[in-house]
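Quick notes on the structure that follows.
The values are calculated or read from the model by the stated rules, or taken from the named source; none is laboratory data. These numbers were taken from a predicted model, which means no experiment stands behind them. Ideal geometry is used to build each Cβ from the backbone, glycine not excepted, and the neighbour counts take in all protein chains shown.
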Amino acid sequence: MSRLRPEARSSREPALPDETALFLVRDAVEHQRGLIHGRLHDGKGGHCAVGALWATVPSLVLHTAVVDEIAAVNDSVTPTATPRERWLKVRSWLRWKLRVMVKRKV
């Protein structure tokens with residue numbers, strides 16, 4: 001169970017590899033105009049970074065550690081920031097994280 005997104009349901013299905021999950025979250029975030037703070041969905045069409053992925057493909061299973069890491073970055077932007085400011089921060093971090101992972105593999 002995710003400590004930062006307790007509303008995320010647990011599953012006995014195998015989780016995606018962490019790298020794949022990060023690529024998919026990045027793609028989902030790219031299609032958003034902004035991101036919300038503190039929860040997966042706001043009930044008005046807004047999502048956090050992980051919520052954006054699950055809004056698109058709700059059946060995907062992610063490791064709790066990946067959910068918490070992404071949620072921590074998402075929520076590191078103050079709640080008073082605009083959804084656009086949060087989106088820019090998370091998008092930048094996801095791009096950096098993926099670049100670091102790719103360089104490590106080479």
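Report whether or not ARG5 is more than 16 Å from ARG84 (Cα to Cα), assigned to a loop (DSSP other than H, G, I, E, B) and under 12 Å from the mean Cα position of the chain (by Cα). Spell out the reasoning first.
Working: more than 16 Å from ARG84 (Cα to Cα): yes; assigned to a loop (DSSP other than H, G, I, E, B): yes; under 12 Å from the mean Cα position of the chain (by Cα): yes.
So ARG5 fits the description; yes.
Give me the pairs: first residue in segment 27-45 and within 20 Å of ALA72 (Cβ to Cβ), second residue modelled with pLDDT under 95 and surrounded by 12 or more Cβ atoms within 10 Å (Cβ to Cβ), beta-carbon distance under 8 Å, and six or more apart or on different chains, which are they?
Short answer, once both residue conditions are applied: ALA28/THR56; ARG39/ARG5; LEU40/ARG5; LEU40/ALA8.
For segment 1-12, which residues satisfy the criterion of being buried (at least 16 other Cβ atoms within 10 Å of the Cβ) and either hydrophobic (A, V, I, L, M, F, W, C) or over 17 Å from VAL77 (Cα atoms) (or both)?
SER2, LEU4, ALA8
Right, PRO58: modelled with pLDDT under 95 and either within 14 Å of the chain's Cα centre (by Cα) or part of a helix (DSSP H, G or I) (or both) or not?
Answer is yes for this residue.
Run ALA15 past the list (1) closer than 19 Å to MET101 by Cα; (2) crowded, with 21+ Cβ neighbours inside 10 Å and report the number of the one that doesn't hold.
Failing condition for ALA15: (2).
Residues of segment 61-86 being among the charged types (D, E, K, R), within 11 Å of the chain's Cα centre (by Cα) and surrounded by 20 or more Cβ atoms within 10 Å (Cβ to Cβ), which ones? Full working, then the answer.
First pass over segment 61-86, keeping only residues among the charged types (D, E, K, R): 68-69, 75, 84-86.
Imposing the further condition that a residue be within 11 Å of the chain's Cα centre (by Cα) reduces the set to 68-69, 75.
Result: ASP75, single match.
Among the listed residues LYS89, LYS103, identify the single one that is in a helix (DSSP H, G or I) and either buried (at least 16 other Cβ atoms within 10 Å of the Cβ) or within 13 Å of the chain's Cα centre (by Cα) (or both). Let's see the steps before the verdict.
Numbers: LYS103 fails: either buried (at least 16 other Cβ atoms within 10 Å of the Cβ) or within 13 Å of the chain's Cα centre (by Cα) (or both).
Only one candidate passes the filter, namely LYS89.
One line per residue, one yes/no per condition, for (1) modelled with pLDDT under 95; (2) under 26 Å from LYS103 (Cα atoms); (3) hydrophobic (A, V, I, L, M, F, W, C):
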site	(1), (2), (3)
ARG9	yes, no, no
ALA21	no, yes, yes
VAL25	no, yes, yes
ARG33	yes, no, no
VAL50	no, yes, yes
TRP54	no, no, yes
